[in-house]
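Q: Encoded as structure tokens, here's the structure I'll be asking about.
The values are calculated or read from the model by the stated rules, or taken from the named source; none is laboratory data. None of these values were measured; they are calculated from a predicted model. A quick note on method: Cβ atoms are made from the backbone with ideal geometry, for glycine too, and the neighbour counts reach across all protein chains shown. All accessible areas refer to the heavy atoms of the entire protein, side chains included, with ligands and DNA or RNA removed. Shrake-Rupley method; radii C 1.70, N 1.55, O 1.52, S 1.80 Å.
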Amino acid sequence: MRSFTLRGLTLYLPEAALKGNLEGALSSGRYENHEADALMLHLGPGDRLLDLGAGLGFICALAAGVLGEAAVMGVEAGPETVRLARRNLAANGFPGVKVLKGAVVAAGEGEVEFGLRPAFWASALKGPEGWPENAEVIRVPVRPLGKLLAKFAPTVISCDIEGGELAVLTEPLPGVRLVVVETHPQVY
């Protein structure tokens, strides 16, 4: 297990997860840097953050440091990544932040196919080009955005769901004052 320190938080992940440019981004502090800057600039008292695509739990931990654990919830589809996010949150003093397992979708029930890739951060729902050749297709719970909004009542959403943003963020967002989104133009 390797550790990296970003913005005073320590993130742990297995050596096998260091694929692509991830190690360089973590070592240099560039990992989720733009999203973190935007959130730290705009989060304020009374906000509640819903992190769609929680990854390693970094954005959730940053927000919990500002808003408190009860005001932060993450959703992550990859089963191993959910465990990593929860571990990282607990290691940084935020064990009360909830991280739900599942894929965020505009609508639906039950389960959906999810393409788990060796580089966890590139895992995604099936795109217009189909599944990448190195994706292991698994089934994960569906997490409809409307139900998440009704249950958690966020005022801020951070969204990095590898191309699923367009379908999800066209839904009504009652009570949400700010959306920070990583776009994926190679997908749409």
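Q: Please list, or write none, the lysines whose alpha carbon is within less than 25 Å of the alpha carbon of residue 147, excluding same-chain residues fewer than 8 places away.
A: Residue 147 reaches 98, 101, 126.
Q: Students often check this: by mean Cβ neighbours within 10 Å, which of 42-52, 81-91 ranks highest, and how do the rest follow? Before the final figure, lay out the partial values.
A: Values: 42-52: 19.1, 81-91: 20.6.
Highest-to-lowest ranking by the protection proxy: 81-91, 42-52.
Q: Something else about it: Sort 131, 121 from largest to smallest accessible area, using a 1.4 Å probe on the heavy atoms of the protein chains. Don't jump to the answer; show the numbers that get you there.
A: On the way: 131 70, 121 100 Å².
Largest accessible area first, the list is 121, 131.
Q: Checking the a/c ratio against 1.5 first, then a/b against b/c, what shape does the Cα gyration tensor give for the stretch 77-120? Don't jump to the answer; show the numbers that get you there.
A: Working: a/c = 3.66, a/b = 1.61, b/c = 2.27.
It comes out oblate by the Cα gyration axes.
Q: Can you give the local net charge around residue 95? Use residues other than it whose beta-carbon is closer than 15 angstrom to its beta-carbon, Lys and Arg +1, Asp and Glu -1.
A: Numbers: positive: 83, 86, 87, 98; negative: 69.
Value of the local net charge: +3.
Q: How would you order 59-66, 171-178, 147-154 from highest to lowest mean count of nearby Cβ atoms within 10 Å? Display every interim value, and only then the final one.
A: On the way: 59-66: 24.1, 171-178: 13.2, 147-154: 15.8.
Final packing ranking: 59-66, 147-154, 171-178.
Q: Separate question: Considering only protein heavy atoms and a 1.4 Å probe, what is the carbon-and-sulfur percentage of the accessible area of the stretch 11-137? Numbers along the way, then the final one.
A: Numbers: 2920 of 5780 Å².
C and S fraction of accessible area: 50 percent.
Q: Considering only protein heavy atoms, what per residue accessible area in square angstrom results for the stretch 106-146 with a 1.4 angstrom probe?
A: Details: 2420 Å² over 41 residues.
Computed with neighbouring chains in place, this is 59 Å² per residue.
Q: At a 1.4 Å probe radius, which order do 155, 170 fall into by accessible area, largest first? Could the numbers behind the result be given before it?
A: Details: 155 30, 170 105 Å².
So the residues, ranked largest to smallest area, are 170, 155.
Q: Quote the relative contact order of the chain in percent (integer), defining contacts as alpha-carbon pairs under 8 Å separated by 6+ residues. Show your work: numbers first, answer last.
A: On the way: 369 pairs, mean separation 37.1, N = 188.
Computed value for the chain: 20 percent relative contact order.
Q: Classify the stretch 132-181 as rounded, prolate or oblate from the Cα gyration tensor: take a ≥ b ≥ c as the square roots of its eigenvalues, call it rounded if a/c is under 1.5, otherwise prolate when a/b beats b/c and oblate if not.
A: It is prolate, given that a/c is not under 1.5 and a/b is the larger ratio.
Q: Still on this structure, please answer the following. Quick one: Cα centre-to-centre distance for the stretch 4-49 and the stretch 62-118, in angstrom?
A: What the calculation gives is 14 Å, centre to centre.
Q: As a test of reading the structure, rank 35, 69, 15 by solvent-accessible area (1.4 Å probe, protein chains only), most first. All intermediate terms of the calculation are to be shown ahead of the outcome.
A: Working: 35 15, 69 60, 15 105 Å².
Order by accessible area, largest first: 15, 69, 35.
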